[in-house]
Amino acid sequence: MTLTKADLVQHIYKIHDNDMTKAQATEAVEALLKIVKDCLIEGEDLLISGFGKFNVKNKKARRGRNPQTGQELILDARRVVTFKPSGILRDKINGK
Amino acid sequence: MNKSELIETLAQETNLPFREADSITNTILEAMTNTLASGDSIEIRGFGSFVVKEYDSYQGRNPKTGQKIKVPPKKLPFFKVGKELRERVDKGK
């Protein structure tokens, strides 16, 4: 089963059922996502210990090809987000 | 930004006590970790998705010594940034 935003809200609501409304749980998830996104949009890396690191990397312009037509084209310089999982997350995924 | 700064910012933005913001952040990270650990994927609109890719065992080499080694099968999580975030990060350059 794929985990979605609604599932995250549900998880929080389950734990905080006596001190938070569903609307507050939703608001908290939205707020957290906005902080994470704003951080990356600013070009700042985000290090979440025990989970992983989101990096913002500057890529230089390069010559590429349209794989469908084979036509050469110039890919502009870009800024991209990459994710490097922490050792702890890797181990958990591998059942260690 | 690191995890404690993230929690601190969440507490400020939501007017929740630090302890609550900490618990919320950890609940989310735990749910995400458990999902990936059971081989399932994560899809968060406007942010991105995580999938676990499985790799078979293969014959590798120790790049320092050149010695042949058998790399055991493994699983790795991959993050694909969502369209909206990808475009906004690129615009910010």
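Can you give me the number of residues within the stretch A:7-19 that are open to solvent by 70 Å² or more (accessible area, probe 1.4 Å) and assigned to a helix (DSSP H, G or I)?
The qualifying residues number 4.
Under 6 Å by Cβ, and 6 or more places apart or on different chains, what pairs join a residue from the stretch A:64-81 that is without any contact (Cβ under 8 Å) to a residue 40 or more places away in the chain with one that is among the β-branched types (Val, Ile, Thr)?
A:Arg79/B:Val89
Looking at the stretch B:72-82, is at least one residue closer than 20 Å to A:Arg79 by Cα and surrounded by fewer than 16 Cβ atoms within 10 Å (Cβ to Cβ)?
Yes, the conditions are met somewhere in the stretch B:72-82.
Using the structure shown, decide if A:Ala77 is closer than 18 Å to B:Gly48 by Cα and either aliphatic (A, V, I, L, M) or in contact with a Pro (Cβ under 8 Å, 6 or more places away or on another chain) (or both).
For A:Ala77, the condition - closer than 18 Å to B:Gly48 by Cα and either aliphatic (A, V, I, L, M) or in contact with a Pro (Cβ under 8 Å, 6 or more places away or on another chain) (or both) - is not met.
Spot the failing condition for B:Arg86; the list is (1) closer than 19 Å to A:Gly87 by Cα; (2) in contact with a strand residue (DSSP E or B) (Cβ under 8 Å, 6 or more places away or on another chain); (3) at the interface with chain A (Cβ under 9 Å from one of its Cβ atoms), and only one is missed.
Result: B:Arg86 fails condition (1) only.
Does the stretch A:24-39 contain at least one residue that is farther than 28 Å from A:Val56 by Cβ and not assigned by TED's automatic domain parsing to the domain that holds A:Arg78?
Yes, the conditions are met somewhere in the stretch A:24-39.
The values are calculated or read from the model by the stated rules, or taken from the named source; none is laboratory data. Everything numeric in this text was worked out from a predicted model, so none of it was measured. Neighbour counts are summed over all protein chains in view; Cβ atoms, including those assigned to glycine, are modelled from backbone coordinates with ideal geometry. Remember, those area values only see protein heavy atoms, side chains included, never the ligands or the DNA or RNA. Shrake-Rupley method; radii C 1.70, N 1.55, O 1.52, S 1.80 Å.
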